[in-house]
Amino acid sequence: MSAETTGDPAALLDLAARTAREAGELLLARRLTDEVSVAHTKSTPTDIVTAMDTASEALIRDRLRVARPDDTILGEEGGSVPGGSGVRWLVDPLDGTVNYLYGLPAYAVSIAAEVAGEVVAGAVFCPPAGELWTAVRGSGAWLNDQAVRAGDVSELDRALVGTGFWYDSGLRARQAELLRHVLPRVRDVRRIGSAALDLCSVACGRLDAYYETGLHPWDWSAGLLVAREAGARVGGLPGEAASRRLAIAAAPGVFDELRSLVVTHGADVVGSPVVAVRGASSSGGC
Ligand code: IPD
Ligand code: CA
Ligand code: CA
């Protein structure tokens, strides 16, 4: 049996990292071509899929299927294709599609591997920066060949906090209301436009914390593992793993305060059936 037919986390990471890099290089090479056109929209008129989202996912599915034909693959654009190996891949082929469309350099390919329901390996590649973020559960987190650590801020009013918004305008209004309560309590807020990069930013102290409501497992699975392995606390609502209701990662010293602030002012933001988990997965919590 070759390494790639087992659930060995190091082998899964190797495949995730190679594939994320290859897909990212494709995205970068085609950025200035006609293929970066709006192909169609999804949940709302602003929720776009470019031809390159689709091309990136096709490449990733092909590489994963050739290496590991029995694995399940859940990808943002192609849905779930079941397999019987016990390994499931969670794929966002282009996280930060709007940035990509506009030529803003904050977009990434995110690939995570889950074994028996637990994320064990994750890779996030940001092509314009040439930055590859990797983590294996229990073995630390890396930016290219350097180990990374989350920040050590202990006061929320000194914390730089990232967040993001849904494509649905009604839900955005509720997220804005939540933000109204967060903004005066923190150093400042950033909306980078890629959940995967937000989470990796927490992993190396570019952000002190990040929260978002309404994400999908393909958005957070790889990045949350990177943040966790870098020493950040990660999770969802109190006592829960990250979910569509809340995904949060923060320097340990500000995690509790930020989460309780968000829960106090935003518990109902996405607490409706509309966010029932699609292809549910969790990356652990605390
Ligand atoms: C989006 C980005 C964005 C976040 C949205 C996501 P996409 O993913 O991660 O930062 O705020 O919630 O949907 O659509 O670019 O893959
Ligand atoms: Ca995404
Ligand atoms: Ca995407």
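For the stretch 88-97, state whether one or more residues are modelled with pLDDT under 95, away from ligand 2 (no atom under 12 Å from the Cβ), more than 16 Å from Ala51 (Cβ to Cβ) and assigned to a strand (DSSP E or B).
No: the stretch 88-97 contains no residue that is modelled with pLDDT under 95, away from ligand 2 (no atom under 12 Å from the Cβ), more than 16 Å from Ala51 (Cβ to Cβ) and assigned to a strand (DSSP E or B).
Confirm whether Glu22 is in contact with a helix residue (DSSP H, G or I) (Cβ under 8 Å, 6 or more places away or on another chain), surrounded by fewer than 22 Cβ atoms within 10 Å (Cβ to Cβ) and more than 20 Å from Val226 (Cβ to Cβ).
Considered against the rule, which asks whether it is in contact with a helix residue (DSSP H, G or I) (Cβ under 8 Å, 6 or more places away or on another chain), surrounded by fewer than 22 Cβ atoms within 10 Å (Cβ to Cβ) and more than 20 Å from Val226 (Cβ to Cβ), Glu22 comes out as no.
Are there any strands (runs of 3 or more DSSP E) wholly within the stretch 123-238 with 3 or more residues that are more than 16 Å from ligand 3 (Cβ to nearest atom) and not small (Gly, Ala, Ser), and if so which?
Result: 131-136, 188-190.
Sort through Trp166, Trp142, Trp133 and tell me the only one that's of a type in the set (Phe, Trp, Tyr) and open to solvent by less than 10 Å² (accessible area, probe 1.4 Å).
The conditions single out Trp133.
Is it the case that Ser154 is buried (at least 19 other Cβ atoms within 10 Å of the Cβ), at pLDDT 95 or above and small (Gly, Ala, Ser)?
no
Considering the stretch 109-130 alone, what residues qualify as being open to solvent by 40 Å² or more (accessible area, probe 1.4 Å) and either among the hydroxyl-bearing types (Ser, Thr, Tyr) or over 18 Å from the mean Cα position of the chain (by Cα) (or both)?
Ala116
Is there a residue in the stretch 222-236 that is more than 21 Å from Val91 (Cα to Cα) and open to solvent by 50 Å² or more (accessible area, probe 1.4 Å)?
yes
If the requirement is being outside the structural domain of Ser221 (by TED's automatic domain parsing), surrounded by 19 or more Cβ atoms within 10 Å (Cβ to Cβ), farther than 30 Å from Glu257 by Cα and within 16 Å of ligand 3 (Cβ to nearest atom), which of these qualifies: Arg61, Arg88, Arg68?
Matching residue, one of Arg61, Arg88, Arg68: Arg61.
State yes or no: is Val262 open to solvent by less than 20 Å² (accessible area, probe 1.4 Å), at pLDDT 65 or above and in a helix (DSSP H, G or I)?
In short, yes.
Condition first: more than 12 Å from ligand 1 (Cβ to nearest atom), open to solvent by less than 10 Å² (accessible area, probe 1.4 Å) and either without any contact (Cβ under 8 Å) to a residue 60 or more places away in the chain or farther than 14 Å from Gly151 by Cβ (or both). Now tell me which residues in the stretch 190-216 satisfy that.
Matches in the stretch 190-216: Val202, Leu207, Ala209.
The values are calculated or read from the model by the stated rules, or taken from the named source; none is laboratory data. Quantities reported herein were computed from a predicted structural model and do not represent experimental measurements. Every residue, glycine as well, gets a Cβ built from its backbone with ideal geometry; the counts of neighbours run over all protein chains shown. Heads up: the accessible areas ignore ligands, DNA and RNA and are worked out on the full protein's heavy atoms, side chains in. Shrake-Rupley method; radii C 1.70, N 1.55, O 1.52, S 1.80 Å.
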